[in-house]
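The values are calculated or read from the model by the stated rules, or taken from the named source; none is laboratory data. Remember, it's a predicted structure, so these values are computed and weren't measured experimentally. Positions of Cβ are backbone-derived with ideal geometry, glycine not excepted, and every protein chain shown enters the neighbour counts. Only protein heavy atoms, including side chains, enter the accessible area calculation; ligands, DNA and RNA are left aside. Shrake-Rupley method; radii C 1.70, N 1.55, O 1.52, S 1.80 Å.
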Amino acid sequence: MLTHACLCSPLLGRRRREAAEEEVEETPQEKKLRLAKQYLEELRQLEEERAEEEEELEPADLIGDRLKEDVLEQKGRLQRLVAKDVRPPDPARIRVLRGHQLPVTCLVISPDDRFIFSSSKDGSLIKWEVDSGKRLCVVPGGKKGTEERHMGHASHVLCMAISSDGKYLATGDRNKLIMIWDAATCKRLHIFTGHRDAVSGLSFRKGTHQLYSASHDRCVKVWDVAENAYVETLFGHQDVITGLDSLSRECCVTAGGRDGTVRLWKIPEESQLVFSGHQGSIDCIQLINEEHMVSGADDGSLALWGLTKKKPLALAQQAHGEQDSQGLQQPYWISAVAALRNSDLLATGSHSGSVKLWKCGEGFRKLEHLLDIPLVGFVNSLKFSAAGDFLVAGIGQEHRLGRWWRIKEAKNSICIIPLKQKTTAPNPESPGSS
């Protein structure tokens, strides 16, 4: 029996190896077909769930519409026209969440719109539940030099990003550090070092765990978060980088402060495109889709860009008006911009007493002011929920990058602003109802 078993085992091993090789030997075409089938099946399940809720369209129609949207999204041509449906929110329904001692500097919303993560000049990190407004997790800030012993930041946190699968959270501080967190538990997983000055911008490439970071040291770095690895450094800006954003392509966009440029970095080609159009320091930037972006500057201007044109497609001067500063009329700085991805809706923040909503005209060639939402204080961060039903503002008594002014009546807080009025029962006769 023993001899028989010994004779059989190499044969068994060979069969297993052959079976494994058969599985592995898949042509690129076969792999594409398998992945496409898998994607369609996932879409079908998703859309069936949606169809059950809506009970209006056949799943096949929904899948077709979704595929068309995905193609347009990849090409950067998808523009959902939602701005026309936005109504001024009821001030009584704006929720204010308090928890940070010092000005809120940055925030992100989880991909499923259930949680908000925020950080502050006090170094603290808070995870909030959107529905209840409760603090689910608080990582307090520590004293300088205690980062290794203490779990959190020991200096001002200036930026944060969350991966598109909601797994990782990244935060960057004035002390040149990038911290990686488990978004579910708020447990710190890793610290990236390498920047030579404050980390001012972070973004995960959509669909991956590749992280882009920007710094006041004027360079952009690429990291692989899943492997805790540094990848490369890109140089080009002539002044501090103030903001960064990315979507699914292997590239990112940055705002270069006083060098007066916005740049598009093509990572594989190690090349960059330079855009110019603002007069002042460019302090914030966000991609609208794969082909368009929006930026704001301290000269009060708001610019819409196409990634194939070096000059803005549209420019709004003094977007938040003017203030009287020591007897001089100065434009209000644009301190935050947000875009509802793949739509025509934008939001801007300053310290002018309100957040402004804007509509991008056809072809992104026009900026149309829609409405003002009263908010006192410096709007240091703005983010739309993925579904577009609420906007979150990070408010501070001071600007996130300095202490030029102080608005004493402002509250260091998170404001959740509802954008769509909830109706108790849909009225089928009402215009615009779907």
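Observations on the structure shown:
Yes/no matrix, rows are residues, columns are (1) free of Cβ contacts under 8 Å to residues at least 60 places away in the same chain; (2) under 21 Å from residue 295 (Cβ atoms); (3) surrounded by fewer than 16 Cβ atoms within 10 Å (Cβ to Cβ); (4) of a type in the set (A, V, I, L, M):
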position	(1), (2), (3), (4)
374	no, no, yes, no
378	no, yes, no, no
385	no, no, no, no
394	no, yes, no, no
399	no, yes, no, no
405	yes, no, yes, no
408	yes, no, yes, no
412	no, no, no, no
416	no, no, no, yes
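- Residue 188 vs. criteria open to solvent by 40 Å² or more (accessible area, probe 1.4 Å) and farther than 23 Å from residue 396 by Cβ: no
- Positions within the range 354-368 being charged (D, E, K, R), under 14 Å from residue 301 (Cα atoms) and in a strand (DSSP E or B), in sequence order: 356, 368
- Strands (runs of 3 or more DSSP E) wholly inside the range 211-266 that include at least 2 residues being in contact with a strand residue (DSSP E or B) (Cβ under 8 Å, 6 or more places away or on another chain) and surrounded by fewer than 24 Cβ atoms within 10 Å (Cβ to Cβ): 219-224, 229-235, 261-266
- Here residue 165 clears all of (1) crowded, with 21+ Cβ neighbours inside 10 Å; (2) over 16 Å from residue 393 (Cα atoms) except the condition numbered (1).
- When the criteria are applied in full, residue 197 meets the requirement of being in contact with a strand residue (DSSP E or B) (Cβ under 7 Å, 6 or more places away or on another chain), farther than 23 Å from residue 116 by Cβ and open to solvent by 50 Å² or more (accessible area, probe 1.4 Å).
- Pick from the range 353-372, criterion under 14 Å from residue 85 (Cα atoms) and under 21 Å from the mean Cα position of the chain (by Cα), ranking: surrounded by the fewest Cβ atoms within 10 Å (Cβ to Cβ): 359
The rows are residues; the columns are (1) open to solvent by less than 50 Å² (accessible area, probe 1.4 Å); (2) within 29 Å of residue 376 (Cα to Cα).
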position	(1), (2)
275	yes, no
279	no, yes
294	yes, yes
300	yes, yes
341	no, yes
347	yes, yes
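- Of all residues in the range 319-352, those satisfying the criterion of being more than 24 Å from residue 242 (Cα to Cα), more than 23 Å from the chain's Cα centre (by Cα) and not in a strand (DSSP E or B) are 326, 327.
- Flag if residue 286 is surrounded by fewer than 21 Cβ atoms within 10 Å (Cβ to Cβ) and polar (S, T, N, Q): no
- Qualifying residue in the range 104-123 (condition: more than 21 Å from the chain's Cα centre (by Cα) and assigned to a strand (DSSP E or B)): no
- Verdict on residue 336 being modelled with pLDDT of 95 or more, among the hydrophobic types (A, V, I, L, M, F, W, C) and in contact with a Leu (Cβ under 9 Å, 6 or more places away or on another chain): yes
- The range 133-153, subset at pLDDT 80 or above and buried (at least 20 other Cβ atoms within 10 Å of the Cβ), residue farthest from residue 193 (Cα to Cα): 139
- Failed condition for residue 208, given (1) open to solvent by less than 20 Å² (accessible area, probe 1.4 Å); (2) part of a loop (DSSP other than H, G, I, E, B): (1)
- Residue 322 meets the conditions (1) of a type in the set (D, E, K, R); (2) open to solvent by less than 20 Å² (accessible area, probe 1.4 Å); (3) more than 27 Å from residue 212 (Cα to Cα) in every case but one. The failed one is (2).
- For first residues located in the range 273-296 and at pLDDT 95 or above and among the hydroxyl-bearing types (Ser, Thr, Tyr), partners that are assigned to a loop (DSSP other than H, G, I, E, B) and open to solvent by 10 Å² or more (accessible area, probe 1.4 Å) and lie 6+ apart or on another chain with Cβ distances below 8 Å form the pairs 295/278.
- Exactly one residue among 72, 102, 62, 57 is exposed (fewer than 15 other Cβ atoms within 10 Å of the Cβ) and modelled with pLDDT under 95, and that residue is 57.
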